[in-house]
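Written out below as structure tokens is the structure these notes cover.
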Amino acid sequence: MEYEKKMRFKYHSPPSERTRYFSGTKISNFFLDKEYTTYFTIQQVLNDLLDSELIVAESTHNNTNYRITASGRETLDFFEDKISEAIRQDIREYFSQNQIEMKKEADISADYYRTPQHNYAVHCQLRQKNIPVIDLTLTVKNTEMAEAVCKNWQEQSPEVYACLMDMLVK
């Protein structure tokens with residue numbers, strides 16, 4: 001997967017300009033499951049779209065999420081009538097079947113990085129309607145702890161938010 005390491009990532013826009021992000025895994029799965037193309041073609045197209053600034057990417061330690069830009073939306077609108085009705089139906093079905101999981105992926109994020117003090121900072125975020133309601137950074141001693149926090153945040157962030165609000169708003 002040397003090709004993936006060469007991909008250039010652009011920083012995402014401010015929260016007020018955000019639209020929904022889609023994980024690289026979800027994008028790949030859709031095209032591969034429908035046998036529309038190969039994995040390597042998907043990676044090349046994503047890289048070309050990034051280079052053309054039609055999409056932007058946000059990378060974490062274990063995934064990359066993509067979002068269409070305003071110029072990407074204009075380009076898509078221009079070519080919209082070139083997409084067959086069968087492919088449009090496949091897209092609608094995919095969104096319908098994966099709506100809850102994709103919303104969860106977009107609303108809950110966690111990533112970690114090594115600090116200058118040789119610890120790990122775990123950045124956790126919970127968003128509602130693309131607005132962060134929790135933006136939390138925790139310092140842990142090693143990668144195992146960082147990975148555990150990331151995994152548990154994905155599964156338990158709504159409960160953590162409810163608990164914090166209950167404790168802090170009393």
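Couple of notes before you dig in:
- Conditions (1) open to solvent by 100 Å² or more (accessible area, probe 1.4 Å); (2) modelled with pLDDT under 90; (3) over 22 Å from LEU46 (Cα atoms); (4) of a type outside the set (Ser, Thr, Tyr); number of the one not met by ARG92: (3)
- Some residue of the stretch 64-81 being out of contact with any helix residue (DSSP H, G or I) (no Cβ under 9 Å at 6 or more places or on another chain), open to solvent by less than 70 Å² (accessible area, probe 1.4 Å) and closer than 30 Å to THR143 by Cα: yes
- Across the stretch 120-139, the number of residues qualifying as more than 16 Å from ALA162 (Cα to Cα) and surrounded by fewer than 17 Cβ atoms within 10 Å (Cβ to Cβ) comes to 7.
- Against the conditions (1) among the small types (Gly, Ala, Ser); (2) farther than 26 Å from HIS123 by Cα; (3) surrounded by 13 or more Cβ atoms within 10 Å (Cβ to Cβ), SER52 satisfies every one except (3).
- When residues of the stretch 115-155 are limited to those that are touching a residue at least 40 places away in the same chain (Cβ under 8 Å) and of a type in the set (S, T, N, Q), the one farthest from ARG67 (Cα to Cα): GLN154
- In the set (1) of a type in the set (Ser, Thr, Tyr); (2) closer than 21 Å to SER157 by Cβ; (3) open to solvent by less than 70 Å² (accessible area, probe 1.4 Å), SER84 fails one condition alone, (2).
- Matching residues in the stretch 95-119 - criterion: being open to solvent by 70 Å² or more (accessible area, probe 1.4 Å) and either at pLDDT 85 or above or touching a His at 6+ places or on another chain (Cβ under 8 Å) (or both): TYR113, ARG114, PRO116, GLN117, HIS118
- Scan the stretch 146-164 for residues that are touching a Cys at 6+ places or on another chain (Cβ under 7 Å) and open to solvent by 50 Å² or more (accessible area, probe 1.4 Å) and the total you get is 0.
- Here the stretch 20-49 is the region considered, the condition is being of a type in the set (S, T, N, Q) and assigned to a helix (DSSP H, G or I), and the residue that is surrounded by the fewest Cβ atoms within 10 Å (Cβ to Cβ) is THR41.
- In the stretch 44-73, the residues that are farther than 29 Å from GLN154 by Cα and touching a residue at least 12 places away in the same chain (Cβ under 8 Å) reach residues that are assigned to a loop (DSSP other than H, G, I, E, B) and of a type in the set (Asp, Glu) with C-beta atoms within less than 8 angstrom, at least six apart or across chains, in these pairs: SER71/GLU53; GLY72/GLU53.
- The conditions of being hydroxyl-bearing (Ser, Thr, Tyr) and surrounded by fewer than 17 Cβ atoms within 10 Å (Cβ to Cβ) are met by THR143.
The values are calculated or read from the model by the stated rules, or taken from the named source; none is laboratory data. Since we're looking at a predicted model, the values are computed, not measured. Note: ideal-geometry Cβ built from the backbone for every residue, glycine included; neighbour counts use all protein chains shown. Only protein heavy atoms, including side chains, enter the accessible area calculation; ligands, DNA and RNA are left aside. Shrake-Rupley method; radii C 1.70, N 1.55, O 1.52, S 1.80 Å.
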